[in-house]
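Just below is one structure, and these are the notes that go with it.
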Amino acid sequence: MPTKRTRIPEKNPIVKQTRKKSSVKKKTRKAWPLALKLVLAGITLVLLSPFYYGYVLKIGTSTWQWIKDIGQDSNYPNYYDFDIRIPKKYSIHGIDVSYAQGKIDWQKVKAMKEGDVSITFAFIKATEGLLTVDPYFKRNWREAPKAGIVCGAYHYFRPKKSGKQQARFFLQTVNVENGDLPVVVDVETLDGKDPATMRKELNDFIVHIEAKTHVKPIIYSGLSFYQDYLQGYFDDHILWIAHYYKKELKTRHVNNWQFWQHSDIAKVNGINHAVDFNAFKGDLAAFQTLIIKSDKVSR
């Protein structure tokens, strides 16, 4: 029986489809104008500049201080560098120092400034009673003027000791010169004596100092002590009054004060301990009239 031939179906030929390579157009970058390049370079330099960040920091600091000062008395604002409030209406400021402040860097003291407040003058303790010389007096008396600070020396008065002898002791220690502020006598205790005795010895001190320096001494005292024991007796002398943490010095019929010690807790660059802070009542012209210019002062 004849075999049946099976027909094998023919495969359709595989037609390879050739992909047409799409022509990729290269993007041509347009060159930036030279002026634009210069502007961008300038902006980059500004952003990287320390002056820029200093400017931003200054604005930020000022803004933050403005926020902190909201609600404060504008006449008695905080000065954060000095860490105290300072009465606003005074333009001449100073400190007073003794051994309690230790070794002072007077150049840093002079360089310190916050807002419109800087240190113009310093009263420096020289002596106390009949035997005590402040251990830092000579150094402070020498270095403070070198930094450009106007100085005055003060004596801590002891009513139980001879006023005249205390004056002599003081002048043996302090060489009062042109350019100094007048001598200061610091009286703030009765020292166990009655008020009349204290005033008698104080007057002896003042008379001797004025005879030798030809300048009336300034009298320093606390407000209460002055009103209780001194008011009405030495009214022809300039007063330096201590009265702390007040926005103004309120005195009963006391018009001859020129210096006000309004804080005892100030922080000042170059001084490692708290320091007393003072304001002068007048302007710079009035302050300069107090500076000794006579050629007759004790030498």
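Worth a mention:
- Looking across segment 151-168, just one residue is closer than 22 Å to ALA122 by Cβ and open to solvent by 30 Å² or more (accessible area, probe 1.4 Å), and that is TYR156.
- Selection within segment 82-127 - open to solvent by 20 Å² or more (accessible area, probe 1.4 Å) and among the β-branched types (Val, Ile, Thr): THR120
- Some residue of segment 279-287 being in a helix (DSSP H, G or I) and surrounded by 13 or more Cβ atoms within 10 Å (Cβ to Cβ): yes
- For LYS250: the one exception among (1) in contact (Cβ under 8 Å) with a residue 12 or more places away in the chain; (2) out of contact with any Leu (no Cβ under 7 Å at 6 or more places or on another chain): (1)
- Positions within segment 237-278 being hydroxyl-bearing (Ser, Thr, Tyr) and open to solvent by less than 20 Å² (accessible area, probe 1.4 Å), in sequence order: SER263
- Candidate set: segment 98-138, residues that are β-branched (Val, Ile, Thr) and touching a helix residue (DSSP H, G or I) at 6+ places or on another chain (Cβ under 6 Å); chosen: the one farthest from GLN165 (Cα to Cα): ILE119
- Among strands (runs of 3 or more DSSP E) entirely within segment 84-175, having at least 1 residues that are free of Cβ contacts under 8 Å to residues at least 60 places away in the same chain singles out 117-128, 150-156.
- From ASP276, ASP283, residue being farther than 23 Å from PHE157 by Cβ and in contact (Cβ under 8 Å) with a residue 40 or more places away in the chain: ASP283
- Selection count where residues are more than 16 Å from TYR156 (Cα to Cα) and either in a strand (DSSP E or B) or touching a strand residue (DSSP E or B) at 6+ places or on another chain (Cβ under 8 Å) (or both), scope segment 193-228: 1
The values are calculated or read from the model by the stated rules, or taken from the named source; none is laboratory data. All values reported here derive from a predicted model rather than from experimental measurement. Note that we place each Cβ from the backbone using ideal geometry, even for glycine, and neighbour counts take in every protein chain shown. All accessible areas refer to the heavy atoms of the entire protein, side chains included, with ligands and DNA or RNA removed. Shrake-Rupley method; radii C 1.70, N 1.55, O 1.52, S 1.80 Å.
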